[in-house]
Structure formats: structure tokens, C-alpha cells
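Heads up, the thing below is written out as C-alpha cells.
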């Protein structure tokens, strides 16, 4: 996988996933995203679709309160549908699975600072996808 930065779409597989979303019919985009998240959650051993799952999670998080817009340089060029709320939990679970994969993407970084920055991106996405309940004062 070619990686040029630490963002959700800053690698070849995520950019290819964005292209697949652009090429898909609008009504098929949710199914593509749901599929990659479920396959990531259900993966045994090494998570092979981690790049795609992180990208999918970023697209979902972008629609949540506090979410950041997706980088349109490498992300999908076409508008995404409004995603159902159940995808938030799937995206968070997929990110948790990726973080727990010790031989996965986190081990690919040569520079430890890049690895830290990439993990911080996943932590921010998870915080948006599964925010702590607000306390009532």
C-alpha cells in the first residue's frame, strides 16, 4: 500500500475506495461502506481492509456533530448519502478492531511520529463516532 500522509484518505487503498464510491450508483454507496466495516469487524488475523474501513469511518464521522469534512483531494468527489445512525457504531467497532491489530497498519509506519499521528486520527474519529454521554448538571 502506498501511503503519503496520515489522514484517512492518504493511502492507495483508501483513494481506490473513494473512486469505487464515486463509480457506484448513489443508492449502492451505503452498502459499500457497510460491507467494508462489517468485514473489518469480522476479520480474523490481519485486517486486510483497514485503509478502506478508516476511510469509511471518516465519511460517517464527517456527518456527525463535531466531525471534520473529508479531504476532497483524495476522498470521494460525489456527495455521500445521509448515513443511518447504526453505521456510527459499526464504524467505531471497525476502528477499535484496526487499533487492536498489532501487525496491522500501525506497524507500517517507519517514523514513530507518523504512527502517533495516525493513531491520534483514529482516536479523534472514534470520539466523534461514539461520544461519551453528556452529563446532566
Inset, instruction - Just order 32-39, 61-68 by mean Cβ neighbour count inside 10 Å, highest at the front, would you? - result: 32-39, 61-68
Legend entry - Helix-only [θ]222 nm of the chain, DSSP H runs n ≥ 4, -39500 (n - 2.57) each, per residue, nearest 500: -17000 deg cm²/dmol
Inset, instruction - Taking only the C-alpha atoms, wrap a convex hull around the chain and report its volume per residue in Å³ as a whole number. - result: 114
Inset, instruction - Express the relative contact order of the chain as a whole percentage, based on alpha carbon pairs under 8 Å and six or more residues apart in sequence. - result: 30
Legend entry - Candidates 43, 58, 28, ranked by Gaussian network fluctuation over the chain, Cα under 10 Å, top entry: 28
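Values in this text are rule-based calculations from the coordinates and carry no lab data. Model, not experiment: these values are computed from the prediction. Glycine also receives a Cβ, built like all others from the backbone with ideal geometry; neighbour counts cover every protein chain displayed.
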